[in-house]
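Single-structure report; data block below.
The values are calculated or read from the model by the stated rules, or taken from the named source; none is laboratory data. Not measured: the values here are computed from a predicted model. Counting neighbours? That spans all protein chains shown, and the Cβs are built from the backbone with ideal geometry, glycine included. All accessible areas refer to the heavy atoms of the entire protein, side chains included, with ligands and DNA or RNA removed. Shrake-Rupley method; radii C 1.70, N 1.55, O 1.52, S 1.80 Å.
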Amino acid sequence: MSEAGVPVSRVLFVGLGVMGLPMARHVAASGEFELVVHDVDAGRAAEFVAADPVAAAGSADVVVLMLPGSDVVERVLVGDGLLAAVRAGAVIVDMSSSRPASTVALAERAAARGVGYVDAPVSGGQVKAVSGELSIMVGGAAEAVERVRPLLETMGTTIMPTGPVGSGHAVKALNNLLSAIGIAGAAEVLTTGAKFGLDPKVMLDVINASTGRNQATQVKFEPYVLSGTFDAGFALRLMVKDLRTALEIAEDTATPTPVAHAVVEAAAATLAANQDPGADHTLLARWIAANAGVDLHEATQRAAKGA
Ligand code: NAD
């Protein structure tokens, strides 16, 4: 059963972490939706109307999930019984970076109950979540996607349909693989340059005016790596999860990915050395440099002092 054309008004938002909290604020600020929220960390929900998710699910038009990944999404939807409580005609929107295979299986269970399922992972990090300018890649039936589009538009400026359910999660994992390759490549190049005697900041400026530039060199290296702060706001544990998803897609499609394997190995080793759940993904660059006995922050400081 579907409700094409029926406006979505009641929203249950589950998961108010680094990303979910500012995203839910945009939903609330739009004034277009009746919003109730839930997070296992009750303090994260303090500024909203908090609700028991299973109790609230029955009256929601849309259930948004912004959770760490598929393991938690499955626990919340199946283990905790949220999926069974969502009413027919409603739509579940998983905005987490989840595994496509899990998403497809959950969408089938939802469809059997007349519940729509859309995967709508995001890109842009905490900065764009706060500004409401996320890029959102959306997999799912066109009718369900159109129903939730006004809701997605409160959180993002670029809404890109990617195909059937699961396709958004696939492209998200593959995007994050490329993003991690960019970080690892930049770290290797800057480390090699530092060993040669180049100033990392000068190198970065040259690269950013040249063909080697990428999002990591343009946006991440100066404020989070050369600065030594490693606080870009995307957890290393989440990046490793996304990289494993990307490798799973490569394996499922029999695609040889030697570069991806090397980067995932480096990221996994970085995670093994940085178990704090808040450890940032930019630590991958520090790990690669440290393997060569280089600290890019110190090398930058030394060069700035003319040492
Ligand atoms: P996070 O770890 O900061 O937030 C997850 C939230 O889910 C936490 O508040 C946690 O308390 C809550 N939670 C955990 N288990 C729960 C449960 N059973 N019921 C209710 N709430 C529960 O993660 P984040 O950085 O906000 O990322 C969320 C998702 O978005 C992840 O899939 C991540 O890969 C993806 N993502 C993150 C970024 C980023 O830059 N941080 C960018 C794009 C996509």
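Relative contact order for the stretch 72-122: 43 percent, from Cα pairs under 8 Å spaced at least 6 residues apart, divided by residue count.
Considering only 58, 124, 212, the Gaussian network model of the chain with Cα springs below 10 Å gives its largest mean-square fluctuation to 212.
Give the accessible surface of the chain per residue, rounded to a whole number of Å², with probe radius 1.4 Å and ligands, DNA and RNA excluded. Mind dumping the intermediate values first?
Numbers: 13570 Å² over 307 residues.
So the chain comes to 44 Å² accessible per residue, rounded to a whole number.
For residue 59, the amide hydrogen comes within under 5 Å of no other amide hydrogen, counting only partners 5 or more places away or on other chains and with H modelled in the peptide plane.
When the solvent-accessible area of the chain is split by element, carbon and sulfur atoms take up 57 percent of it, the probe being 1.4 Å.
For the peptides 132-142, 40-50, the ranking by mean Cβ contacts within 10 Å, running from highest to lowest, is 132-142, 40-50.
Close amide-amide hydrogen proximity is noted between residue 13 and 36, 37, 38, 64, each under 5 Å apart and 5 or more residues distant or on a separate chain (H modeled in the peptide plane; Pro and chain starts excluded).
Using the Karplus relation 6.51 cos²θ - 1.76 cosθ + 1.60 with θ = phi - 60°, the per-residue 3J(HN,Hα) values for the stretch 85-96 come to 8, 6, 7, 4, x, 7, 10, 9, 10, 8, 8, 5 Hz, with x marking Gly and Pro.
Assuming 0.36 nm per residue, please report the length gained on full extension of the stretch residue 143 to residue 34 beyond their Cα-Cα distance.
Numbers: separation 109, 0.36 × 109 = 39.24 nm, distance 2.17 nm.
Once the chain is fully extended between residue 143 and residue 34, it gains 37.1 nm.
Shown in residue order for the stretch 184-190 are the 3J(HN,Hα) couplings computed by the Karplus curve 6.51 cos²θ - 1.76 cosθ + 1.60 at θ = phi - 60°: 5, x, 5, 5, 5, 5, 5 Hz (x for Gly and Pro).
How much net charge surrounds residue 239 when only the other residues with a Cβ under 13 Å from the Cβ of residue 239 are counted, with Lys and Arg +1 and Asp and Glu -1? Spelling it out: positives minus negatives among the neighbours equals +3. Across the stretch 262-274, rounded Karplus estimates of 3J(HN,Hα) from the backbone phi angles (6.51 cos²θ - 1.76 cosθ + 1.60, θ = phi - 60°) give 5, 6, 5, 4, 5, 5, 5, 5, 4, 5, 4, 8, 9 Hz, Gly and Pro being marked x.
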